[in-house]
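Taking it in order: structure first as C-alpha cells, then the write-up.
Each reported figure results from applying straightforward, stated rules to the coordinates on display, with no laboratory input. Everything numeric here is computed off the predicted structure, so don't read it as measured data. Ideal geometry is used to build each Cβ from the backbone, glycine not excepted, and the neighbour counts take in all protein chains shown.
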Amino acid sequence: MRNISSLKDTQQNTLFDMESCGWWHTGLSREAYRRLENGIEGVFRRSVLELMPAEAVGAAFDPSIGRPSKELHAACGLLLLAEYRNWTVDQSADAWCFDASVQYALRLPRDRQHMCPRTVDSYRALLRENDLAQSVFETVTAAIVKEMGLSIKKQRLDSTHLFSDMARFGRLKLLAVCIKRFLVQLKRHDPERYQALPGELTARYEAGENRLFGAGSKQSRSYQEDLQQAARDMAELIGCFSENDEVSARSSFKSLVRVFTEHCEVTEEEIAVVLPKAEDENAQSARVLQNPSDPDAGYDGHKGPGFQVQLAQAYDTKEPGPGIITACIPQSAAESDSAALEVVAQQQQRMGTTPQALLADTSYGSLANVEQCAANGTLLLAPTPGNARKNLPATTETKVSPRTAAQRSIDIRRHIETTASWKREYSKRSGVEGLHAALDRITGIKQLRVRGMKAVTLSVCFKVTGWNIRAAAQIARNRRKKAENPQKWAKQPLFNASIARFGRVMPEIRHLPRIHSRHPLARIESQRRPLPSPHHSIHFLRRHLSIAAARALSVDCSGSAQYEIQKETMGS
C-alpha cells in the first residue's frame, strides 16, 4: 500500500507540539542540536525532503491494498543521503534504523525504525528504472538557487572520468569471458543443446578464467594462437544458434555476437580472423564493448574504459564555501566533450541556471559551440582548438590564400586570448579540477559501486545533489554568522599605516642572516636596490606573500594603485 505523507503531516499530527519535547531536544545537548539543525541534515529536513519524487515512486504501489510501504519521501531521501555519503546497501539500512542524524533529516520518529537491505534495493530499483535521479538533481538545485538567491552568472565547465564496478579486460580475456558466459547460461537453461556441442570446445572453458587455454601451465600456447582459437569458437557458436530464436534472444548471446562483429571478420580462407583493431559499425573504437557485464561503458583513449560526467560549477558568487553545481550530465566515456555542451545548455535552460559567462577547456572551444552559447546569451571563454596560423610571406613561391569569415573569426579569438584580461579571467577555470578532487574525496564519485548507464546516472546525480545541499548548508551557516556578528565579517585592512610599517620593517629584514638564494628577500638583498616605493611594495606583496595582503595594503595608497590591484587580481 502506498504511504505518502505531506510535510505538514510529518511536522505536527497531534493536538500538542511534540517536536519541542521530543528526543532531538531532550536527548541532545544544545550544541549538538545546533550542529544538526545548521548542517546538511537541517537543510534536508526543512527544504529538500518535500522535493523527493514520492508520487512517481508511489505509482508502483497500490493506494489501498497490501502492507503499507515506507514513507516514500523518507525512502527517496535515504537513497540520496546514502549515495552522497557513499554507503553500501547494508550501511543504508543501518542508518535508517540507528542513525539519529539520518532520522532527523528524514523526519522519522526516533524509536522502532526498521528497514532491511532488500527493501533499500527495491526502492533504488524504482528510482533507477524510472529515471528519476536527473529530475531530482534539477529540482533540488533550482530550488536552492532560487531560495537562497545565489549568483550563478559565472560558471566553469569540465568533465571527469568515472569507473564503474566492472573488471578491465584485455582482448583475449574479453573474448573468452563472453564465450564462457554464454556457455554457462546455455548449460543452465538448455542442457541438451549444451551436451550437443563439441566436447573439445566446451572443455576449453571449463577451467577458471585465469587458466583458459592452459594459461599458467607448461603447455601454454602463444597469445595469437589463443586469440585466433577464441575467434573460431565464437564463429562456431554463432553459426549453431543464430537460427534459434530462444537462444539468440539471451543477453549473453547478443554480447557474443557484438564482440565477434567488433573484433573479428569472416573471410574465404578462414571462418574467423581477428582484426588488427576493434571497431564498431561506425568504424569507431571508443564505443566497442568493454565488458559484457556493463555494455553501456565506453572507452577514452587517455583515461580508459568507463563513464564520464559533465559538471558546471558557479564561481565568483561572493559566498564563502563550495560553489553550487549547476549542471550534471553522466555520459559514456566515448562521448566527446565538444558535443556535450548542447546537452548541458539544455539542462541549464530547464533549471533556469543559464550563465552569462562560461569557462571551459579547448575541447569545448569550437566555433559552433561559441555561436550556440552566444545564441543562448552566454559568453563562452575557451581556447581556440587547433594550431595557430603561421604568418608566411606572400611570394611567388608561397601564396597565402584569402581568409574566410570563419577563419577571420578564429584569428580574432586567438588575438583576444593573448590579452592579459582574458588570461586573468580564464585562469579561474582551473578551480573546477579542485571540484572533481573534492567530489571524489567526499562522495567517491570516481569509483562507483554500480554498473550500467541507469545505475551510474542515479549514483552520480544523487552524489552531486548531496554536494549542493552541503554547499547550501555552509552558505546559510556563514550568512547566519555574518548577521549575528557583522563587525567580525566587515572588511578591514590587515595593517594600520601599512606602507609606513612596511618601510620600517624592510631595513631590519635586510640585516637578517642570509637565506636561500631563490627567496624573494634574498633577491632584493643581492641586487642592493633602494627601498621600494608604496606602489612597488604592493606588487612585491602580491607576488611573493599573498593577494589578500596586497588588497589590504592598497587601502592606504592612491586611487590609481587601488585600481591596478583590483584590475590584476579580480579583473576589470
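Summary of values
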| quantity | calculated |
| --- | --- |
| Built amide H within the under 5 Å cut-off of Leu381, gap 5+ | Leu358, Leu359, Ala360 |
| Distance in nm between pseudo-label sites at Lys482 and Ser285 (7 Å out along the Cβ direction from Cα) | 5.2 nm |
| Spin-label pair Tyr33/Lys446, simplified geometry with 7 Å Cα→Cβ offset, distance in nm | 4.2 nm |
| At 1.567 mPa s and 4 °C, Stokes diffusion of segment 171-274 via Kirkwood alpha-carbon radius, µm² per second | 92 µm²/s |
| Exceeding the 31 Å Cα-Cα cut-off - candidates Lys146/Lys482; Lys70/Lys481; Lys254/Lys277 | Lys70/Lys481 |
| Backbone HN-Hα couplings from phi across segment 360-365 [Karplus 6.51/-1.76/1.60, Hz, Gly and Pro as x] | 8, 8, 5, 4, 9, x |
| Karplus (6.51, -1.76, 1.60) ³J(HN,Hα), θ = phi - 60°, over segment 317-331, in Hz, Gly and Pro reported as x | 8, 6, 10, x, x, x, x, 6, 8, 9, 8, 8, 10, x, 9 |
| Segments 290-300, 434-444, 414-424 sorted - mean Cβ within 10 Å per residue, highest first | 290-300, 434-444, 414-424 |
| Ordering of 43-49, 273-279 by packing [mean C-beta count within 10 Å, highest first] | 43-49, 273-279 |
| Reciprocal mean inverse distance between Cα atoms of segment 60-194 - Kirkwood radius, Å | 19.3 Å |
| Karplus-derived 3J(HN,Hα), 6.51/-1.76/1.60, for each residue of segment 243-257, Hz, glycine and proline x | 8, 8, 5, 5, 6, 5, 7, 6, 5, 5, 6, 5, 5, 4, 5 |
| Theoretical FRET efficiency, 1/(1+(r/R0)^6), r = Cβ-Cβ of Arg112 and Gln185, R0 51 Å, to 0.05 | 0.70 |
| Residues with amide H under 5 Å from that of Asp300, placed H, sequence gap 5 or more | Gly306 |
| Exposure proxy ranking, count of Cβ atoms within 10 Å, fewest first, for Arg204, Arg193 | Arg193, Arg204 |
| Residues whose placed amide H lies under 5 Å from that of Thr326, excluding near-sequence neighbours | Ala312, Gln313, Ala314 |
